[in-house]
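Encoded as structure tokens, the structure appears first; notes follow it.
The values are calculated or read from the model by the stated rules, or taken from the named source; none is laboratory data. Fair warning: this is a prediction, and the values are worked out from it, not measured in the lab. Cβ placement follows ideal geometry from the backbone for every residue including glycine, while neighbour counts extend to all protein chains displayed.
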Amino acid sequence: MRHETEKGNPSDVFLQRNNADGKLTKEIIRFLKENVERKITVDDICETLHYNKSYLFRQFKAETGETIMSYYTRLKIERAKELLRGGNMTVSQISELLSFNAPDYFSKTFRKFTRMTPSKYRKLHGSSAAKD
């Protein structure tokens, strides 16, 4: 291996680190988006992508500026906004669909990300077809 890397440019033999790391972050994001309605853990991601936790945390944070679970929660809130704008599900149903532990926790998390309750968001941006 040393003989190969001493021949010339090491990037001719090995994938450049930045390219590999960017690919990993894209894989994590793809996995999170595909599973936005499930309850997943970092262990699930590690098992699926075959990397250890600390490496995933470090690479994802370096690429995105946020933690994996913060990003995942933000994806869930974005999905909740879509569902609230659609107007055919209650806040409790959306909370359950997105695998939050309880509607109160969902509302608290939604408010943290949007600075308003799900009901207020629906009144401002969505249909009033569903009652909460």
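What's the number of the only condition in (1) more than 15 Å from the chain's Cα centre (by Cα); (2) loosely packed, with under 15 Cβ neighbours inside 10 Å that M89 fails to meet?
M89 satisfies all of (1) more than 15 Å from the chain's Cα centre (by Cα); (2) loosely packed, with under 15 Cβ neighbours inside 10 Å except (2).
What residue, of T117, T41, T73, T109, is hydroxyl-bearing (S, T, Y) and in contact with a helix residue (DSSP H, G or I) (Cβ under 6 Å, 6 or more places away or on another chain)?
The unique qualifying residue is T117.
Among all residue pairs at least 6 apart or on different chains, which show Cβ distances below 6 Å where the first residue, located in the stretch 45-59, is closer than 16 Å to R30 by Cα and the second is surrounded by fewer than 14 Cβ atoms within 10 Å (Cβ to Cβ)?
Pairs that qualify, where the first residue is closer than 16 Å to R30 by Cα and the partner is surrounded by fewer than 14 Cβ atoms within 10 Å (Cβ to Cβ), are C46/K53.
Do you know which of the residues in the stretch 92-116 that are within 20 Å of I40 (Cα to Cα) and among the hydroxyl-bearing types (S, T, Y) is surrounded by the fewest Cβ atoms within 10 Å (Cβ to Cβ)?
Among those residues, the one meeting the criterion is Y105.
Looking at Y51, Y55, which is the one that is in a helix (DSSP H, G or I) and either more than 18 Å from L124 (Cβ to Cβ) or of a type in the set (F, W, Y) (or both)?
Y55
Looking for something over 14 Å from the mean Cα position of the chain (by Cα), assigned by TED's automatic domain parsing to the domain that holds F110 and either part of a helix (DSSP H, G or I) or modelled with pLDDT under 95 (or both) - is there at least one such residue anywhere in the stretch 73-82?
Yes, some residue in the stretch 73-82 is over 14 Å from the mean Cα position of the chain (by Cα), assigned by TED's automatic domain parsing to the domain that holds F110 and either part of a helix (DSSP H, G or I) or modelled with pLDDT under 95 (or both).
Would you check if there is a residue in the stretch 41-51 being out of contact with any Phe, Trp or Tyr (no Cβ under 7 Å at 6 or more places or on another chain), β-branched (V, I, T) and modelled with pLDDT under 95?
Scanning the stretch 41-51, I find at least one residue that is out of contact with any Phe, Trp or Tyr (no Cβ under 7 Å at 6 or more places or on another chain), β-branched (V, I, T) and modelled with pLDDT under 95, so the answer is yes.
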